[in-house]
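Q: Got a structure for you, questions after.
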Amino acid sequence: MENIEVLKKWVEESENIVFFGGAGVSTESGIPDFRSVDGLYNQRYDYPPETILSHSFYKQRTEEFFRFYKDKMICTQAKPNKAHLKLAELERRGKLKAVITQNIDGLHQEAGSKTVLELHGSTLRNYCTKCGKGYGIDKILGAKGVPICDLCKGVVKPDVVLYEEGLDQEILQKSVHFIREADVLIIGGTSLAVYPAAGLINDYVGHKLVVINKSATPMDKRADLLIQGSIGEILGKL
């Protein structure tokens with residue numbers, strides 16, 4: 001409880017908070033973290049998720065990519081949890097400047113957050129790889145096999161960053177800016193295992209680095225405040 005009281009004090013005193021989050025924020029909304037349930041997928045698929053979600057697999061086995069993607073990466077039933085809602089509230093109060101997320105589910109925006117930097121893209125956005133026409137999630141869900149553009153018959157690809165693909169440089173630069181300027185940086189629901197996203201934390205130069213996670217992370221020793229537990233429950237107490 002003492003650490004949560006310190007976090008409350010820091011949040012109340014600050015008007016320049018940045019949140020950096022990962023899969024743990026979404027798992028509390030019922031979206032599975034495929035890293036922790038590899039065996040489940042291997043019962044139905046011949047390849048591990050990291051292989052299927054790679055650019056080369058997408059190009060070489062497009063139909064199998066979309067079968068997995070629709071089955072495991074799209075969760076239309078998920079709703080924002082306490083963490084998403086609290087972050088949106090802090091932004092409305094003028095305290096939180098940005099949410100930087102590794103998640104692709106759009107739940108931060110659904111909760112009401114406005115400044116959301118999606119490092120790995122979003123399942124809600126899709127585009128034709130030939131003519132660039134944009135599509136919503138229904139285009140992917142409604143397709144039998146590979147989704148095809150209505151205009152030019154090109155393949156419609158999710159606007160998500162696959163393994164072997166680079167991150168959007170503009171989003172990276174904005175993320176670095178927010179982290180460098182932050183008074184309080186809260187890292188939540190991420191093991192900080194995915195690079196280059198996790199490396200952004202090194203750009204923080206302040207003295208109020210908060211790490212909230214259920215398990216240990218490589219940043220625990222550097223944290224000024226370390227809280228182990230549910231990100232939704234902890235942020236919900238603020």
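The values are calculated or read from the model by the stated rules, or taken from the named source; none is laboratory data. Not measured: the values here are computed from a predicted model. Here Cβ is always computed from backbone atoms with ideal geometry, including for glycine, and neighbour counts include all displayed protein chains. For accessibility, only protein heavy atoms count, side chains too; no ligands or nucleic acids. Shrake-Rupley method; radii C 1.70, N 1.55, O 1.52, S 1.80 Å.
Q: Gaussian network model of the chain, Cα springs within a sub-10 Å range: biggest mean-square fluctuation belongs to which of 88, 98, 216?
A: Residue with maximal mean-square fluctuation among 88, 98, 216: 216.
Q: What list of ³J(HN,Hα) couplings, whole Hz, do you get for the stretch 225-231 from phi and the Karplus terms 6.51, -1.76, 1.60, once you set θ to phi - 60° and write x for glycine and proline?
A: With the stated coefficients, the stretch 225-231 comes to 8, 10, 10, 9, x, 6, 4 Hz.
Q: Can I ask one more? How much length, in nm to one decimal, is gained on full extension between residue 60 and residue 114, taken as 0.36 nm per residue of separation minus their Cα-Cα distance?
A: Taking 0.36 nm per residue and subtracting the Cα distance, the gain is 15.8 nm.
Q: Oh, and also: Could you work out which residue, out of 178, 68, 20, moves most in a Gaussian network model of the chain, that is, has the largest mean-square fluctuation with Cα springs under 10 Å?
A: 68
Q: For the stretch 179-238, give the percent of accessible area contributed by carbon and sulfur heavy atoms, probe 1.4 Å, rounded to a whole number.
A: That fraction is 49 percent.
Q: Give the relative contact order (percent, whole number) for the stretch 124-167; include only Cα pairs under 8 Å separated by 6+ residues.
A: 41 percent
Q: If amide H atoms are built 1.01 Å from N in the plane of the peptide, which residues on other chains or at least 5 residues away come under 5 Å of the amide H of residue 126?
A: Correct list: 135, 159.
Q: How high is the FRET efficiency between residue 77 and residue 47 when r is their beta carbon distance and R₀ equals 22 Å, given to the nearest 0.05?
A: My answer for the efficiency is 0.25.
Q: Quote the convex hull volume per residue of the chain, based on C-alpha atoms, as a whole number of Å³.
A: Dividing the Cα hull volume of the chain by its residues yields 121 Å³.
Q: Which part of the stretch 89-125 falls in the paramagnetic zone of residue 150, meaning amide N under 17 Å from the point 7 Å along Cα-to-beta-carbon?
A: 125
Q: Expressed as a rounded percentage, what relative contact order does the chain have, with Cα pairs under 8 Å and six or more residues apart?
A: 25 percent
Q: For the stretch 100-238, give the magnitude of the charge dipole about the Cα centre (Cβ charges: +1 Lys/Arg, -1 Asp/Glu; no others), in debye to the nearest 20.
A: Working: 15 positive and 16 negative charges, 52 e Å.
Using only the charged Cβ atoms, the result is roughly 260 debye.
Q: State in Å² the accessible area per residue of the chain; use a 1.4 Å probe, count heavy atoms of protein chains only, and round to the nearest integer.
A: Value for the chain: 49 Å² per residue.
Q: Okay, moving on. Which Cα, out of 117, 156, 238, lies furthest along the positive dipole direction of the chain (beta carbon charges, K/R +1, D/E -1)?
A: Sorting the options by dipole projection puts first 156.
Q: Further question on the same structure: For the chain, set up a GNM with springs between Cα atoms under 10 Å and report which of 180, 125, 222 has the largest fluctuation.
A: The residue that fluctuates most here is 222.
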